[in-house]
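Worksheet for the structure shown next.
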Amino acid sequence: MKPHTLTAFDRDLEAIRLALLTMGGKVEAAMMDASRALESRDIELAQRVIEGDRAIDTAEEEINTHVVRVLALRQPQADDLRSAVAVMKMAGELERLGDYAKNMAKRVAVLAQAHVIEGAAGALRRQARLVGQMLKDMLDAYARMDVDLARDVISRDVEVDDMTNALFREFITHMMEDPRNITACLHYVFIAKNIERMGDLVTHGAEHVIFVAEGRHAESREKGLSTATISTPDA
């Protein structure tokens with residue numbers, strides 16, 4: 001009876017793991033589509049991202065329900081309990097990533113009518129692409145329990161922070177140079193900050209991978225300068 005219980009639990013964990021990876025794929029696609037819609041001013045693509053967020057929310061709900069059921073039925077030991085709890089945390093972070101992608105998509109319709117800031121949307125898409133690659137690698141690290149890859153993902157978050165700071169300075173400069181730029185640049189500032197937060201969430205996911213694999217929390221990570229410390233460019 002005991003081997004059967006262990007085998008059933010392993011099957012449960014595998015199903016949950018695959019569900020999380022599938023959810024992560026949906027989130028990655030939403031991030032990339034939202035940034036592409038922003039750059040091309042594609043309102044229809046942005047709307048599809050907005051509508052697709054419900055599927056991401058549903059995926060989180062289903063994963064959490066499955067984990068709670070497994071915890072109640074299987075009563076896992078320490079290692080498996082750690083894995084199950086980490087999945088719930090990662091699902092919550094993926095759901096928030098989906099929300100940020102949706103919020104980016106919601107700004108497309110406004111920015112499509114706003115004053116054009118040359119190169120701004122392209123720069124934000126590059127920032128989102130960096131975070132998207134981090135997300136892909138984090139999911140790969142989770143699938144393989146690859147702690148080296150997880151640590152590499154964590155190390156890349158400082159690049160996202162630095163890119164955010166550079167974008168903030170650029171947008172502030174645009175606003176000071178021409179008041180017509182203010183509306184668009186304010187939206188771009190919020191988007192850049194949200195993408196930075198996406199990087200933080202992906203980093204947390206990588207930290208969960210290390211915790212599951214090694215049973216201890218990841219080391220303290222380097223952070224870029226806070227946007228709160230950015231000085232106003234000289235006029």
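In table form, for the structure just shown:
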| quantity | calculated |
| --- | --- |
| Inter-residue pairs, beta-carbon under 6 Å, first under 11 Å from ASP146 (Cα atoms) and in the range 203-215, second small (Gly, Ala, Ser), 6+ apart | ALA206/ALA150; VAL209/ALA141; VAL209/ALA150; ILE210/ALA150; ILE210/ALA218; VAL212/SER83; VAL212/ALA86 |
| Only listed residue being surrounded by fewer than 17 Cβ atoms within 10 Å (Cβ to Cβ) and free of Cβ contacts under 8 Å to residues at least 12 places away in the same chain, chosen from ASP152, ASP162, ASP148 | ASP148 |
| Elements of type helices (runs of 4 or more DSSP H) contained in the range 39-147, each with 3 or more residues being farther than 19 Å from GLU207 by Cα and among the aromatic types (Phe, Trp, Tyr) | none |
| Tally, over the range 159-180, of residues that are over 16 Å from ARG126 (Cβ atoms) and of a type in the set (Val, Ile, Thr) | 2 |
| GLU28 vs. criteria assigned to a helix (DSSP H, G or I) and either farther than 18 Å from LEU71 by Cα or at pLDDT 95 or above (or both) | yes |
| Single condition ILE195 does not satisfy, out of (1) surrounded by fewer than 19 Cβ atoms within 10 Å (Cβ to Cβ); (2) under 24 Å from SER40 (Cβ atoms); (3) at pLDDT 95 or above; (4) of a type in the set (Val, Ile, Thr) | (1) |
| Among (1) touching a residue at least 60 places away in the same chain (Cβ under 8 Å); (2) closer than 22 Å to GLN113 by Cβ; (3) aliphatic (A, V, I, L, M), the one test that LEU167 misses | (1) |
| Scope the range 33-72; condition without any contact (Cβ under 8 Å) to a residue 60 or more places away in the chain and farther than 30 Å from HIS187 by Cβ; matching residues | GLU61, GLU62, ILE63, ASN64, THR65, HIS66, VAL67, VAL68, ARG69, LEU71, ALA72 |
| Filtered residues of the range 131-143 (kept if over 14 Å from ASP33 (Cα atoms) and crowded, with 19+ Cβ neighbours inside 10 Å) | MET134, LEU135, MET138, LEU139, ALA141, TYR142 |
| Residue within the range 170-181 that is surrounded by fewer than 18 Cβ atoms within 10 Å (Cβ to Cβ) and outside any helix (DSSP H, G or I) present | yes |
| Restricting the range 172-200 to residues that are closer than 30 Å to MET138 by Cα and among the small types (Gly, Ala, Ser), the residue that is farthest from the chain's Cα centre (by Cα) | ALA192 |
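The values are calculated or read from the model by the stated rules, or taken from the named source; none is laboratory data. Values in this document were obtained by computation on a predicted structure and should not be read as measured data. Here the Cβ is made from the backbone with ideal geometry for all residues, glycine too, and neighbour counts use every protein chain on show.
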